[in-house]
Amino acid sequence: MTELLVEQIINGIVAGSVYALVAAGMTMIFGVLRAINFAHGEYYMLGTFSAWYVITKLNVSYPVAIILAVIITMGIAAVIGRLVMQGLVTAPFQSGVLATLGLSLILQNLIIITFGGTYKIFPGGWLEPVFFGDISLAWQRIIIVLVTIGVFIALEFLVRRTRMGKAMRAVSQNTACCLVNGIDIERVVLGTFVLGGGLAALSGVLTGPINVTVYGGMGEAITLKTFAVIVMGGMGNVRGTLIAGWILGIAESFVAGFIGLQYRDAVGFVILIGMLMVRPTGFFSVQSRF
Amino acid sequence: MPSRFVSVAAVVFFMLSCFVVYPAMAQSDVVRIGIVSPNTGAAARYGAFAWRGAQLARDEINAAGGMNGKKVELFQGDSQCIPTEGVSSVQRMIAQDKVRFVIGDVCSSVTIAMQPVAENAGVLLVNAASSNPDITYKAGVGGYKWSFRNYPTDENRASVVLKYATEQKKIKKFAVLSVDSDYGRGAIALTKKYLGEFGAEIVSEDYYKDKEADFRPVLANIRRSGAGAIIMYGLADTTPIIGRQMVEAGLAGKVILIGSAEFNNPEAIKIAPTALNGAVEAAAYMPEWDTPKNHEFVAAYRKTYDGETPNVHAYAYWETLRLVAAAAKEAKSDNQDDIRKALSTMTYEGVMGKVTFDDHNQANLPMILFEIIDGKPVIKGTFNTQIKYSAR
């Protein structure tokens, strides 16, 4: 029984790491724009698709594909950021909802038109299992967790120590003061958006080998799950996002393992509703940041 | 404001285009047939095959002179395997494309939702690939006069699969991992009816959402449950995911898959050979089926689609469109009411054998039981799917 418990916790941490990587970008974009990016899961999809494309069509190896996928997705995010997201800086929040929902539909359907609606098998990855007693785990899962922890340490450094990070925090606190102090808000928004897109892509390309399939609508489900993660972590709170991602992953894994797989997707929504009722500021701060 | 001008102009243009385009499509020298299948979403693989099968049948029918001299024109609807999407695409086809025949859907839940729509519109709905028994319990003398099904139902499949697993494979403990839909849950409900008869036992029961990709928590449970097989009435696109995660979790080679989820899909076998070895499936069709008519179909399909081998959905849509054309010939009419009457009395020579419809508008078709041995499907027998309706 204890072994099963440990195995389910490990499964949860792996799943939660994937959510956390996607949610990190989402929460940072919310911080600077105060807009929920409904298209965020699409960058997860674009990352996985880019990797699938360069591996199957250009015969690139998986490690190189990871780098290329992140760069391609960041490039797409830069274009969209320039054309759409920067325009949202002064717009009311409803515009953000409409614009990002529209982007989500456009990106999904562009992929479906270009590559067809069928599932593609994702090649590559490090799938040899490692054994811990009776529990076996593909290397890929261990790498996902390690990369996630590494990324969050780097993000923490970025947000606390670098000029860019300080600017991001400033924009999330008071845009008027940023203008007075000569902080280019549009540039900060663009930078945050591109970084967030890159993180989502990284998450997608790392998950590809264990989720096996790639298809146009794959980003939708993960967008919905990240809502619960960013609310739990405290909107705009990068550190809280990792812990919140793990909490959601473990909770889902317990529900899937001990109650039934069919209830798994309900977990995120139950947590989301519960958090909004009891503690809308998230687990990690007493005050709302905005 | 220029931006306001642009948006107003766009709206006006869009509204005008509605008036301009549709009346131009109303011609009567063609027979308009709607093809509903999931072209995007979790069952998109089925839809892609179905659409290619239907197009091949259309080209063959038109090359042979059409339906009573009229060309067949197909209209495509994407159900996404979601009932509301299926209903809205059928409504669109009926209202805008003026179709009088609909072939679809693959997903049972969608077909069940489309039945009353076709009934109210007096449009002939011929299902080609859904297997939930309810579809024909409600059709013919059961209620819906306009619903037919040219595909075997799950009624007997569950017992045949369970019988093979308990008697030939000597497995008594089973775990359930099926798709959370009318198809997946319906097939498991039927399986449960026969557990006692074969001395079988279900040790765990899970249903997956169609976009689920993480099966590790459930597989961890199954590994400890002592189950010898996983009963899976699932989606073909999910089979490779489960197969690969079974390999990773150390279940491959210890626990086999039984049921129906295209275990003979070469891609799935390639990606998880050890997990799919020994898998047992009851299927409506397989390309290896050894009859001259099937060899002809497979050869024509491969020639048209760059050597691709057809799957069950390509066969089902191809066959069903040809069945409708044959019924039109029989009726000497392209009126949907005449064709409906012809369907219930005619005998059609199909790829799987002779097809006749019972009083519930259900086709009598055989099913094939196969096992994956060394990466190849091997036919282990066929069985009849005729229903005794009084059983309910």
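The values are calculated or read from the model by the stated rules, or taken from the named source; none is laboratory data. This structure is a prediction, so every number in the text was calculated from the model and none was measured. Note that each Cβ is placed from the backbone with ideal geometry, even for glycine, and that neighbours are counted across all protein chains shown. To get the accessible areas, we keep the full protein, side chains included, count just its heavy atoms, and leave off ligands, DNA and RNA. Shrake-Rupley method; radii C 1.70, N 1.55, O 1.52, S 1.80 Å.
For the reader, a short list of remarks on this structure follows.
- Multiplying each eigenvalue of the alpha-carbon gyration tensor of segment A:103-200 by 5 and taking the square root yields semi-axes of 37, 24, 8 Å, largest first, rounded to whole angstroms.
- Based on protein heavy atoms only, chain B ends up with 38 Å² per residue of surface accessible to a 1.4 Å probe.
- Radius 11 Å from Cβ of B:MET352, net charge of other residues (Lys, Arg +1; Asp, Glu -1): 0
- Within 10 Å of each Cβ in B:88-100, the average number of Cβ atoms from other chains: 0
- In plain terms, if you count all Cα to Cα distances in chain A and split them into 5 Å steps from zero, the share in each step is 1, 6, 12, 17, 19, 17, 13, 8, 4, 2, 1, 0, 0 percent.
- Extended-chain gain in nm, criterion 0.36 nm per residue less alpha-carbon gap, B:ASP29 and B:ASN120: 30.3 nm
- Residues whose placed amide H lies under 5 Å from that of B:HIS360, excluding near-sequence neighbours: B:VAL141
- The phi-based Karplus calculation (6.51 cos²θ - 1.76 cosθ + 1.60; θ = phi - 60°) puts the 3J(HN,Hα) values of segment A:174-188 at 7, 6, 4, 5, 4, 4, 4, 8, x, 8, 7, 4, 4, 5, 5 Hz, whole numbers, x for Gly and Pro.
- Here segment B:95-250 is assigned +1 on the Cβ of each Lys and Arg and -1 on the Cβ of each Asp and Glu. Its dipole about the Cα centre then comes out at about 360 debye.
- Karplus (6.51, -1.76, 1.60) ³J(HN,Hα), θ = phi - 60°, over segment B:289-299, in Hz, Gly and Pro reported as x: 3, 9, 9, x, 4, 5, 4, 4, 4, 4, 5
- R0 of 56 Å, Cβ-Cβ distance B:THR345-A:ILE113: FRET efficiency to nearest 0.05: 0.80
- Ellipsoid equivalent to segment B:269-346 - semi-axes via the Cα gyration tensor, in Å: 33, 15, 10
- With the simple spin-label model, which puts each label point 7 Å out from Cα in the Cβ direction, the B:ALA63 to B:SER225 separation comes to 4.9 nm.
- Partners for B:LYS98 among lysines (Cα-Cα distance below 28 Å; same-chain residues under 8 apart left out): B:LYS70, B:LYS71, B:LYS138, B:LYS145, B:LYS329, B:LYS332, B:LYS341
- Summed side-chain charge close to A:THR118 - residues other than A:THR118 whose Cβ falls under 9 Å, Lys, Arg +1, Asp, Glu -1: +1
- Phi-derived couplings, Karplus 6.51 cos²θ - 1.76 cosθ + 1.60 at θ = phi - 60°, listed residue by residue for segment B:189-199: 4, 5, 4, 4, 4, 9, 4, x, 4, 9, x Hz, with x used for Gly and Pro.
- Here segment A:1-51 is described by how far its Cα atoms reach on the three principal axes: 46, 28, 12 Å, from widest to narrowest.
- Partner shielding of A:213-220 amounts to 4, given as the average count of beta-carbon atoms from other chains within 10 Å of each residue beta-carbon.
- Largest GNM mean-square fluctuation across B:GLY86, B:GLY228, B:GLY250, computed for chain B with C-alpha springs under 10 Å, falls on B:GLY250.
- Summarising the label geometry, the points placed 7 Å from Cα in the beta-carbon direction at A:LEU127 and B:LYS254 lie 1.9 nm from one another.
- A:VAL270-A:ILE9 FRET efficiency (beta carbon distance; Förster radius 22 Å; 0.05 resolution): 0.70
- Antiparallel content of DSSP bridges confined to the protein assembly as shown, in %, to 5: 40
- Of the whole protein surface, A:TYR53 contributes about 90 Å² of accessible area at a 1.4 Å probe radius.
- Cut-off 15 Å between beta-carbons: net charge of the residues surrounding B:ARG32, Lys and Arg +1, Asp and Glu -1: +2
- Springs join every pair of Cα atoms under 10 Å in this Gaussian network model of chain A, and among A:VAL97, A:VAL229, A:VAL32 the largest mean-square fluctuation is at A:VAL97.
- Here's the picture: charge each Lys and Arg Cβ at +1 and each Asp and Glu Cβ at -1 in chain B, and of B:VAL280, B:MET114, B:ASN150 the one pushed furthest to the positive end of that dipole is B:VAL280.
- Under conditions of 20 °C and 1.002 mPa s, the protein assembly as shown yields 80 µm² s⁻¹ as its translational diffusion coefficient, taking Rh as the Kirkwood radius over Cα pairs in the Stokes-Einstein equation.
- Residue-averaged 222 nm ellipticity for chain B, from DSSP H runs of 4+ at -39500 (n - 2.57), nearest 500: -13000 deg cm²/dmol
- Legend: Rg and Dmax of chain B, from Cα coordinates, 22.0, 78 Å.
- Inter-part distance where segment A:67-83 and segment B:223-283 are each reduced to a Cα centre, Å: 37
- Among the residues of A:238-244, the average count of other protein chain beta-carbon atoms within 10 Å of the residue beta-carbon is 0.
- Proportion of all alpha-carbon pairs of segment B:49-189 beyond 25 Å (%): 37
- Comparing Cα centroids, segment A:114-166 and segment B:291-331 end up 45 angstrom apart.
- Restricting the calculation to Cα atoms, segment A:231-290 shows an Rg/Rh of 1.03 when the hydrodynamic-style radius is the Kirkwood one.
- Modelled FRET efficiency - R0 56 Å, B:THR309 with A:VAL180, Cβ distances, 0.05 increments: 0.25
- Selected from A:VAL231, A:VAL180, A:VAL151 as most flexible by GNM, with chain A as the system and alpha-carbon contacts under 10 Å: A:VAL180
- Hydrodynamic radius by Kirkwood, which averages 1/r over all alpha carbon pairs of segment A:58-139, in angstrom: 16.4
- Within chain A, helix-based [θ] at 222 nm, where runs of 4 or more DSSP H residues each add -39,500 (n - 2.57), nearest 500: -25000 deg cm²/dmol
- Kirkwood hydrodynamic radius of segment B:291-392, from the reciprocal of the average inverse Cα-Cα distance over all distinct pairs: 15.7 Å.
- Virtual spin-label span in nm between B:ASP359 and B:LYS169, 7 Å along Cα→Cβ: 3.8
- On the protein assembly as shown, 62 percent of the accessible area sits on carbon and sulfur atoms, based on a 1.4 Å probe.
- Computed on protein heavy atoms with a 1.4 Å probe, the accessible areas place B:GLU281, B:GLU85 in the order B:GLU85, B:GLU281, largest first.
- Links that overshoot a 19 Å alpha carbon limit, given the list B:LYS354/B:LYS380; A:LYS57/A:LYS120; B:LYS254/B:LYS380: B:LYS354/B:LYS380; B:LYS254/B:LYS380
- Cα gyration tensor, segment B:210-317 - rounded (a/c under 1.5), prolate or oblate: prolate
- Amide H contacts of B:TYR151 (H built 1.01 Å from N, under 5 Å, at least 5 apart or other chain): B:ALA363
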